[in-house]
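> Quick one: structure below, then a few questions.
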Amino acid sequence: MRAPLIETRNATRIIAGDVPATLVADVDVSVSAGEFIAIIGPSGSGKSSLLYLLGLLDRPTSGEVYLEGVATSALDDDSRADMRLATLGFVFQFHFLLPEFSARENIILPMRALRRLSEKAQVARADMLLEQLGLKDHAHKRPDQMSGGQRQRVAIARALANDPKVVLADEPTGNLDTHSGERVLEILNDLVSSGQRAVVMVTHDLALAARADRQIRIVDGRIAI
Amino acid sequence: MSFVLDIALTHLRSRVRQTVVGVLGVATGVGFSIMMAALMEGSQADFIRQLVDSLPHISVTDETRNPPRQPAETRYDVVQIDGLRTPVVRPGIKNPMAIMASIESWVPGAIAPSVQAKAVIRYAGRDTATSFTGLDPKREQKVSKLATQMRQGSLDALYKATNALILGDGLAKKIGARVGNTVTIVSGAGRTLDCTIVGIAHTGVAQIDDVSSYGLIKTGQILASQIGLVNELRIRVADALQARTVATRIEAETGYKSVSWQEAHEDLLSAFEVRNIIMYTVVGAILLVASFGTFNIVSTITHEKARDIAIMKSLGFRAKSVRRIFVIEAAAIGLIGALIGWGLGYVLTRAMGSIEIKSPFMDSSTIPVLYSPLHYALATVVAVASSLFAGYFPARKAAAVEPVDIIRGAS
């Protein structure tokens, strides 16, 4: 059995305040390569909060999040940023592309930050991803010159830029029409087909979740059996 | 190009109007700072140059810093002396030629003897006080620029008439005398001489031109009723800035009071120092105000770009990379503003330097300005430093953004 890429142990996230709010409580999750996991649950149940913990965007109040076996909650911000850059890819409900940059430039940006590839190789990889996602002719377009579906595919390409081991998607089809949503889902499915990568997708759409290998249902911040 | 620099420049390019306003703010600050420094230092340099040109660099007189020691003071430990009177006649410098030869042996420059006397010029029924200098025209040409400052006649004309006299143009105007007129000089010793005006001099310093008159040493000796008198040695050193050091050594060697041009105008030079402090404070304030524009722009961009910052951090950008983006933006505004400010400052300085003026304190026909690379360098350093300072705080705030807070709010 392969070691999990991401694992949480009793991960709890509480927001302090006059009335403390528990976003995630005692969650144990394990994500392995080749898995396509859907996190489902009603609105406000803590799905996205769990995804943020898995993606090292947030720190657990108690418990631990392991990325490739490394305990991450005590790491400094820079180390966590480096792990995100090299190991994780994010796709959000909104594309969150940088508006002043073209599709290709947006995809290249994480590669430039990581500096693993030469400048020439970065451009080649960006073009390859654009081609794989059917956006070959849109390389020079800025986000405001593309449709919602195209933008979301560029966002996926950007998430894949550094060849991450885990892609974390938060309602990736939430703002798309059925056809575009279907296309995005196909792409996410393809990502795990090689068995090298895992995808964790948050959705409230049970039909979409049914396409995943495994579903984790969250209610009131806890995993519901 | 670094991706951080790329993002920073893209932000600035995409906000052309705001960027232009910020850059122009800095450029205006830098431009006016350069102009102001050029004007202030220009007028100062012009004034000092005229002072240095019109007077010898060092004046050795027949006085001493402290009164001569009385015999009783040497004999007894404690003495009270009352009723001492200074001699009516100036003693003059003893063995002036030997002292001159001694000074000439080590001072790089030139030396000339002179006789100073207070007198009154009588002309057309009016008496006007004058400061008479008896000089050696040939030597004088080497220690002062009097020969080149003649408006009418020449310094050598002093040889061409009996009791020839050159007047400062202010004095000539005051008494209404012209070249060729004969005036009467009455000395403090009571001697009266009829002198012929052979020239009019103009040093450019009103306080000199309004009271000075020049004749031969012999004329001065006659006015002082002391044959062979030399009561001042006038020295010009190769490097005017070394005058103070040279004067100190001469005084130590000869015992005679030796005053450099710096000491003679100590009050004026310290006034210039105060003026410079005020100037640089005002210049700094101008550039600091300009930096508020930079702060405003960078703050606006960080506010508008909060979502982009969050997404960059979620992708794995380090906080310092985000901070650097906005610090670079501030620096770019400061630097581009400073470069444009150079051009503006030069044009403003040229424009101010071409304005014609008539000042009783200066000889210039136009406002004197000083072009110095130091002004440009200082304005640039202050402008860029102010911009960096102004940009740092919003940049730090941007770097502290928690991506999850923004993403949660945007979703």
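> Looking at the stretch A:181-225 only, could you name the residues that are open to solvent by 20 Å² or more (accessible area, probe 1.4 Å) and among the polar types (S, T, N, Q)?
A:Asn189, A:Ser193, A:Ser194, A:Gln196, A:Gln215
> Would you check which residues across the stretch B:9-27 are within 19 Å of B:Val384 (Cβ to Cβ) and within 11 Å of chain A (Cβ to nearest Cβ) and list them?
B:Leu9, B:His11, B:Leu12
> Mind listing whichever residues of the stretch B:116-155 are basic (Lys, Arg) and touching a residue at least 40 places away in the same chain (Cβ under 8 Å)?
B:Lys118, B:Arg122, B:Arg126, B:Lys142, B:Lys145, B:Arg151
> Under the condition of being modelled with pLDDT of 90 or more and either of a type in the set (Gly, Ala, Ser) or outside any loop (DSSP other than H, G, I, E, B) (or both), which residue from the stretch A:141-151 is surrounded by the fewest Cβ atoms within 10 Å (Cβ to Cβ)?
Among those that are modelled with pLDDT of 90 or more and either of a type in the set (Gly, Ala, Ser) or outside any loop (DSSP other than H, G, I, E, B) (or both), it is A:Asp144.
> OK, next. Which pairs turn up if I take residues in the stretch B:277-291 that are buried (at least 16 other Cβ atoms within 10 Å of the Cβ) and look for partners that are among the acidic types (Asp, Glu) with beta carbon separation below 9 Å, at least 6 apart in sequence or on another chain?
Every condition considered, the pairs that remain are B:Met279/B:Glu41.
Residue-by-condition table, conditions (1) touching a strand residue (DSSP E or B) at 6+ places or on another chain (Cβ under 9 Å); (2) among the charged types (D, E, K, R); (3) within 14 Å of chain A (Cβ to nearest Cβ); (4) in contact (Cβ under 8 Å) with a residue 40 or more places away in the chain:
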| position | (1), (2), (3), (4) |
| --- | --- |
| B:Leu315 | yes, no, yes, no |
| B:Ser321 | no, no, yes, yes |
| B:Ala330 | no, no, no, yes |
| B:Trp342 | no, no, no, yes |
| B:Tyr346 | no, no, no, yes |
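> Can you report the number of residues in the stretch A:82-98 which are modelled with pLDDT of 90 or more and open to solvent by 40 Å² or more (accessible area, probe 1.4 Å)?
1
> Could you tell me whether the stretch B:57-69 includes any residue that is assigned to a helix (DSSP H, G or I) and either within 30 Å of B:Tyr256 (Cα to Cα) or touching a helix residue (DSSP H, G or I) at 6+ places or on another chain (Cβ under 8 Å) (or both)?
No, the stretch B:57-69 contains no residue that is assigned to a helix (DSSP H, G or I) and either within 30 Å of B:Tyr256 (Cα to Cα) or touching a helix residue (DSSP H, G or I) at 6+ places or on another chain (Cβ under 8 Å) (or both).
> Shifting gears a bit: Can you tell me which residues in the stretch B:218-236 are open to solvent by less than 40 Å² (accessible area, probe 1.4 Å) and hydrophobic (A, V, I, L, M, F, W, C)?
B:Leu223, B:Ala224, B:Leu229, B:Val230, B:Leu233, B:Ile235
Quick grid of which residues meet (1) touching a residue at least 12 places away in the same chain (Cβ under 8 Å); (2) open to solvent by 50 Å² or more (accessible area, probe 1.4 Å); (3) assigned to a strand (DSSP E or B); (4) of a type outside the set (A, V, I, L, M, F, W, C):
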| position | (1), (2), (3), (4) |
| --- | --- |
| B:Glu263 | yes, yes, no, yes |
| B:Ser270 | no, yes, no, yes |
| B:Arg324 | yes, yes, no, yes |
| B:Val369 | yes, no, no, no |
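> Which of the following residues is more than 30 Å from B:Asp239 (Cα to Cα), assigned to a helix (DSSP H, G or I) and touching a residue at least 24 places away in the same chain (Cβ under 8 Å): B:Gly42, B:Gly29?
Details: B:Gly42 fails: more than 30 Å from B:Asp239 (Cα to Cα).
From the options B:Gly42, B:Gly29, the qualifying one is B:Gly29.
> Quick check, is B:Ile166 under 21 Å from B:Asp53 (Cα atoms), in a strand (DSSP E or B) and either open to solvent by 10 Å² or more (accessible area, probe 1.4 Å) or at pLDDT 90 or above (or both)?
Yes.
> Filter the stretch B:329-363 for residues that are more than 30 Å from B:Arg49 (Cα to Cα) and either modelled with pLDDT under 90 or open to solvent by less than 40 Å² (accessible area, probe 1.4 Å) (or both) and give the result.
Those that are more than 30 Å from B:Arg49 (Cα to Cα) and either modelled with pLDDT under 90 or open to solvent by less than 40 Å² (accessible area, probe 1.4 Å) (or both): B:Glu329, B:Ala330, B:Ala331, B:Ala332, B:Ile333, B:Gly334, B:Gly337, B:Ala338.
> Can A:Arg104 be described as modelled with pLDDT of 95 or more and either surrounded by 20 or more Cβ atoms within 10 Å (Cβ to Cβ) or under 25 Å from A:Glu171 (Cβ atoms) (or both)?
Working: modelled with pLDDT of 95 or more: yes; either surrounded by 20 or more Cβ atoms within 10 Å (Cβ to Cβ) or under 25 Å from A:Glu171 (Cβ atoms) (or both): yes.
In short, yes.
> Step by step: first the residues of the stretch A:161-178, then only those that are open to solvent by 10 Å² or more (accessible area, probe 1.4 Å), modelled with pLDDT under 90 and at negative phi, then the one that is nearest to the other protein chains (Cβ to nearest Cβ). Which residue is that?
This residue is A:Gly174.
> Only one of (1) under 27 Å from A:Gly174 (Cβ atoms); (2) open to solvent by 20 Å² or more (accessible area, probe 1.4 Å); (3) out of contact with any Asp or Glu (no Cβ under 8 Å at 6 or more places or on another chain) is not met by A:Leu56, so which one is it?
(2)
> Answer yes or no: is there a residue in the stretch B:175-191 that is modelled with pLDDT under 95 and either assigned to a helix (DSSP H, G or I) or under 23 Å from B:Val52 (Cα atoms) (or both).
Within the stretch B:175-191 (the criterion being modelled with pLDDT under 95 and either assigned to a helix (DSSP H, G or I) or under 23 Å from B:Val52 (Cα atoms) (or both)), the answer is yes, since at least one residue qualifies.
> May I pose another question? Can you tell me which residue within the stretch A:87-114, out of those that are at the interface with another protein chain (Cβ under 7 Å from one of its Cβ atoms), among the aliphatic types (A, V, I, L, M) and not in a loop (DSSP other than H, G, I, E, B), is nearest to B:His11 (Cα to Cα)?
Ranking the candidates gives A:Leu109 first.
> Could you identify the single residue in A:Asp76, A:Asp58, A:Asp82 that is in contact with a Phe, Trp or Tyr (Cβ under 6 Å, 6 or more places away or on another chain) and within 11 Å of chain B (Cβ to nearest Cβ)?
It is A:Asp58.
The values are calculated or read from the model by the stated rules, or taken from the named source; none is laboratory data. Quantities reported herein were computed from a predicted structural model and do not represent experimental measurements. Positions of Cβ are backbone-derived with ideal geometry, glycine not excepted, and every protein chain shown enters the neighbour counts. Ligands, DNA and RNA are stripped out before the accessible areas are found, and what is left, the full protein with its side chains, is counted by its heavy atoms. Shrake-Rupley method; radii C 1.70, N 1.55, O 1.52, S 1.80 Å.
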